[in-house]
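All of the numbers you see were taken from the coordinates with simple rules; none came from a lab. Keep in mind the model is a prediction, meaning the values are calculated, not measured. Here the Cβ positions follow ideal geometry from the backbone for every residue, glycine too, while neighbour counts run over all protein chains shown.
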Amino acid sequence: MEVNNQKVGIGKEIICLMKTNIREYMMYIALVLIMIFFTWKTHGGFIQARNISNLINQAGYVAILAMGMTLILILKHIDLSVGYVAGFCGAVSAILMTKYGISEWIVIPLVIAIGLLIGLYQGFLVTKVGVPAFVTTLAGMFIFRGLLNLTLQNTGTIIIPNKGFNALSNGFIPDIPLGMEIHVLTLLIGAIAVVYMIASEVKIRNNRTKYQFTNHSKPVFLSKLLFLSTIIMLIVFLLANYSGIPWTAVTVGIVLIIYNYMLNKTKLGRYIYGIGGNEQAAELSGINVKGVTMLAFCSMSALAALAGVLYTSRLQSATPTAGLGFELDAIASAYIGGVAVSGGIGRVTNTIIGTLVIMSLTNGMNLMGVDISYQYVVKGIIFVIAVAFDVRTRSKGR
Amino acid sequence: MNDYILEMNSISKTFPGVKALNNVSFKVKRGEIHCLVGENGAGKSTLMKVLSGVYPHGEYLGDIVYNGRTQQFKTIADSEKNGVVIIYQELALIPELSLYENIYFGHEIMKGKVIDWNETIVNSREMLKKVKLDVNPSIKVKNLGVGHQQLVEIAKALSKDVKLLILDEPTAALHEHDSQNLLKLIKQLKEQGVTCIMISHKLKEITAIADTITVLRDGATICSLDCQEQHTTESDIIKHMVGREMDHIYPKRKNHEFGEISFELKDWTVEDPIKGREILHNININVRKGEIVGLQGLMGAGRTELALSIFGNTTKYNITGGEMFLSGKKQMFRSPKDAIKSGLAYVSEDRKGKGLVLIQDIKFNTTIANLESLTDGQTINENEEIRIANDFKNAINIKAPSIEQKVRNLSGGNQQKVQLAKWMFVNPNVLILDEPTRGIDVGAKFEIYTLMNELVKKGMSIIMITSELPEALGMSDRLYVMSEGAITGEFLAEEANEHNVMAMAIKS
């Protein structure tokens with residue numbers, strides 16, 4: 001689909017853009033509609049700074065899981081065990097901190113290392129032994145659910161007293177002490193983000209012009225920049241007027257930047273897309289398919305451990321029910337975010353949008369006091385509609 | 001007076017953005033073998049899909065007169081009811097079902113509410129007899145070779161009481177022997193009154209079998225040649241297909257000196273652990289710098305298995321004996337990665353299944369096998385990548401609007417060029433090309449041959465696996481013939497001819 005700014009008018013270009021990118025736009029439209037709907041239904045409660053902070057804290061662990069899941073799904077595998085791996089790792093961290101009194105700053109890397117080991121074990125079964133990922137991780141679901149219960153058998157729910165640990169999912173970044181009412185550091189970070197976004201978009205555009213690739217016309221490009229800047233600043237203002245940026249957002253942001261860079265700019269990222277697109281071709285092109293798959297499972301379980309830490313910190317306690325249904329939210333996030341059901345396609349940035357869709361639904365329905373059973377039904381329906389829409393638009397694109 | 005079984009008049013079919021068929025007229029006489037030829041993308045398959053109801057009436061313009069009546073087929077079932085049966089290039093049999101289940105799949109013989117299996121088996125046996133396939137109808141399709149599966153497809157068509165049989169490249173996947181069998185069968189069907197439309201790229205078969213040849217080019221009918229009235233040669237057909245004279249199908253190489261031996265196999269013996277038997281026996285071959293060595297043989301002779309066992313052995317064969325030397329060094333590769341590092345490359349025969357990542361673009365596919373050279377550490381130098389992909393696109397004439405074009409939207413010939421670009425970027429010492437021109441049109445073939453000539457001129461060694469005899473004879477400096485897992489003959493280009501090569505290829 002060629003968009004040539006010399007020949008076509010802006011109107012036509014926008015229609016063409018809508019047509020070719022409808023899949024991606026749909027996701028944003030859905031998110032905005034959901035947000036408007038809940039804001040209306042909760043008389044503005046949904047969009048209040050307090051709730052948005054809350055939403056971010058709620059969505060954090062799902063976003064972390066969903067990013068790892070994106071890799072796994074691109075590779076045409078699946079990981080069902082992430083929920084209980086997260087639950088188990090959360091429980092272990094609680095035991096280590098309360099029973100053994102180890103500092104949280106040692107416990108967190110330690111628990112992530114445990115996640116890595118779990119990933120090694122599952123990756124080994126999938127790549128070396130040849131057990132399908134579905135079976136391996138279904139077995140993992142059993143195993144880690146059992147281990148979670150065993151870990152907390154003697155103690156029951158553990159309340160965590162460590163302030164630093166609990167701040168991870170409940171705290172906010174400190175402010176520069178200027179004595180102003182608004183959160184200055186938050187504003188500063190927002191401004192830096194906007195400048196960086198604009199600079200990198202302009203750089204990409206110039207590069208594309210240099211190589212004579214098709215670009216959006218200037219008005220479309222500028223309105224896109226304006227739109228993105230507005231959104232970022234809006235959220236930043238909202239947060240700055242409350243308590244600032246939550247630590248959860250920082251954690252998710254760091255993981256997002258690393259994974260996005262890895263997928264788009266590095267050899268490893270290419271290999272992941274290559275294997276997902278055509279495994280045999282990838283292998284015959286000299287790609288170490290097993291190694292890359294192994295790495296993806298390790299990254300998944302390590303992120304699951306991190307998600308477990310975030311969830312435990314959020315509740316300020318470890319419970320035997322932690323982890324129930326996490327994998328569903330994570331998988332749904334990735335698919336709503338546009339990972340292809342047939343593998344080979346997907347972006348972590350879009351997965352985050354998918355997470356926001358799913359978690360806005362949860363958050364909004366909680367605010368409205370919708371019964372949890374109905375919540376499952378609604379989320380299921382949205383999920384299947386998103387995937388159905390995805391499959392249809394992709395097959396048309398042929 | 002001519003009796004036409006089928007007249008397609010001024011057929012036009014448009015896809016979004018492309019006019020696939022433009023006012024095409026196509027007439028088939030009753031009881032003839034009518035060959036439909038044209039380059040890839042000329043509209044042959046689209047025309048047949050219009051005929052068989054895949055594109056239902058209303059989605060195209062023009063009319064179809066079949067058996068003297070204007071027809072408006074809405075589905076494949078409609079056309080099959082009228083005796084029009086199409087057999088696609090990719091066979092539509094179900095591997096895990098038996099032959100008789102496959103033959104009557106979709107039009108089961110019923111006794112009341114249940115399937116009459118006895119009758120089915122008896123009838124299947126008769127249908128198989130008609131196609132001269134002497135096997136038990138109870139065996140599973142997956143246990144048959146491609147050639148025999150093709151015959152089962154025809155048996156299936158016969159069971160539907162076919163009047164007009166359409167074959168889409170029926171011999172593309174068959175070796176010489178099976179092809180001959182199939183062509184013989186088609187002739188016999190003709191005598192029994194079945195009219196046959198055959199789409200094919202193999203001009204030699206066409207000239208041997210066709211009563212009439214219709215040439216399509218760019219969605220339009222170029223001409224209809226009556227082979228009974230006037231003798232038609234391959235070059236006549238090519239002229240109409242490409243719209244210009246093609247003096248040489250195989251571009252000549254300037255005589256050049258070969259260097260030292262760059263690749264050699266000594267007594268290479270391989271066992272397939274699944275089949276539990278030896279599949280390659282004491283293979284001895286070598287290739288010199290700057291030489292194109294053909295590896296000719298029928299399908300199933302073990303050529304692809306040989307290539308895969310050399311190239312990192314992804315199929316996990318047991319290499320039970322023998323040695324491999326690459327640039328004088330003894331080697332044994334444990335993965336394609338090892339092999340590529342040492343300067344060996346393999347271009348798969350199955351470009352869609354094992355060669356390209358179809359959902360990615362030209363750039364992605366061009367660089368995927370050699371990202372090392374674009375990185376220091378992990379990060380890819382994207383500017384350099386774009387430059388390289390563009391260079392290759394221009395140098396080997398990949399026809400696409402930009403290197404951001406998805407590979408699945410390219411024609412077969414251009415896909416093949418992307419595959420070649422990928423391996424040229426790796427720049428190996430020894431390149432194994434497995435059926436490099438399968439399923440691509442004459443024009444693109446010529447370009448690929450020219451490219452091969454340029455590569456050997458630069459000192460690369462090429463092993464070309466092919467089942468097309470003329471290609472093997474036309475392109476090789478030297479030729480090995482394989483049969484049933486063993487090398488049965490070796491010829492210099494000037495010694496080889498169709499007879500002595502074929503004699504070795506069917507030797508067991």
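Worth pointing out:
- Note on A:Val135 and B:Lys111: the model spin-label points, each 7 Å out from Cα along the C-beta direction, lie 4.0 nm apart.
- Taking amide H atoms as placed 1.01 Å from N in the peptide plane, the amide H of B:Asp441 lies under 5 Å from those of B:Asn40, B:Gly413, each 5 or more residues away in sequence or on another chain.
- For region A:36-134, trypsin sites (Lys or Arg not before Pro) are listed when DSSP marks them as loop and at most 16 other Cβ atoms sit within 10 Å of their Cβ; the list is A:Lys99.
- log10 of Debye I(q)/I(0), alpha-carbon scatterers only, for region A:223-292 at 0.12, 0.21, 0.27 Å⁻¹: -0.56, -0.89, -1.11
- Cα shape, the protein assembly as shown, gyration tensor, a/c 1.5 rule: prolate
- Cα shape, region B:356-427, gyration tensor, a/c 1.5 rule: prolate
- Over chain B, relative contact order from alpha-carbon pairs under 8 Å, at least 6 apart, %: 14 percent
- Hypothetical label at B:Asp134: residues of region B:177-217 whose amide nitrogen lies under 18 Å (7 Å Cα-Cβ projection): B:178, B:181-182, B:184-185
- Filtered trypsin sites (Lys or Arg not before Pro), region B:78-127: DSSP coil and at most 11 other beta carbons within 10 Å: B:Lys113
- Straight-distance crosslink candidates among lysines, where the alpha carbon sits under 21 Å from B:Lys129 and sequence neighbours closer than 8 are dropped: B:Lys140, B:Lys142, B:Lys156, B:Lys160, B:Lys163, B:Lys184, B:Lys187, B:Lys190
- Here is the list for region A:91-131: chymotrypsin sites (Phe, Trp or Tyr not before Pro) lying in DSSP coil, each with at most 13 other C-beta atoms within 10 angstrom of its C-beta, are A:Tyr100.
- Lys, Arg +1 and Asp, Glu -1 on Cβ, resulting dipole of the protein assembly as shown about Cα centre, debye, nearest 20: 1940 debye
- Cα gyration tensor shape for chain A, rounded if a/c is under 1.5, else prolate or oblate: oblate
- In region B:381-508, the ratio of gyration radius to Kirkwood radius, Rg to Rh, stands at 1.04 when only Cα atoms are counted.
- For B:Ile463, the amide hydrogen comes within under 5 Å of the amide hydrogens of B:Val293, B:Leu431, B:Ile432, B:Leu433, counting only partners 5 or more places away or on other chains and with H modelled in the peptide plane.
- Highest-MSF residue in chain A out of A:Ser81, A:Ser217, A:Ser360 [GNM, Cα springs under 10 Å]: A:Ser217
- Between region B:445-459 and region A:180-219, the Cα center-to-center distance that results, in Å: 46 Å
- Converting phi to 3J(HN,Hα) with the Karplus coefficients 6.51, -1.76 and 1.60 and the offset θ = phi - 60°, region A:86-98 yields 4, x, 4, 5, x, 5, 4, 5, 5, 4, 4, 7, 7 Hz in sequence order, with x at every glycine or proline.
- Relative contact order of region B:356-427, defined on C-alpha pairs under 8 angstrom at six or more residues apart (%): 49 percent
- Here the spin labels are modelled as points 7 Å beyond Cα on the Cα-Cβ line, and at A:Leu188 and B:Lys187 they lie 8.9 nm apart.
- B:Glu126-B:Thr70 pseudo-label distance in nm [points 7 Å out on the Cα-to-Cβ vector]: 3.8 nm
- Separation of region B:148-208 from region B:127-146 is 16 Å, based on Cα centroids.
- Excluding exposed DSSP-loop GluC sites (Glu not before Pro) (at most 15 other C-beta within 10 Å), longest clean stretch of chain A: A:182-398
- For region B:401-444 versus region A:9-57, the gap between their alpha-carbon centres in whole angstrom: 43 Å
- With θ taken as phi - 60° and the Karplus curve 6.51 cos²θ - 1.76 cosθ + 1.60 applied, the whole-hertz 3J(HN,Hα) list for region B:24-30 is 7, 10, 8, 10, 10, 7, 5 Hz, x standing for glycine and proline.
- Estimated from the Cβ-Cβ distance and a Förster radius of 25 angstrom, the FRET efficiency linking A:Thr20 and A:Tyr196 is about 0.40.
- Residues with amide H under 5 Å from that of B:Gln89, placed H, sequence gap 5 or more: B:Asp168
- Relative contact order %, chain A, counting alpha carbon pairs below 8 Å whose residues are six or more apart: 35 percent
- Qualifying lysines (Cα of each under 21 Å from Cα of A:Lys163; at least 8 residues distant if same chain): A:Lys99
- In order along region B:274-285, the phi-based Karplus estimate (6.51 cos²θ - 1.76 cosθ + 1.60, θ = phi - 60°) of 3J(HN,Hα) comes to 6, 6, x, 8, 6, 10, 10, 10, 6, 7, 10, 9 Hz; Gly and Pro are listed as x.
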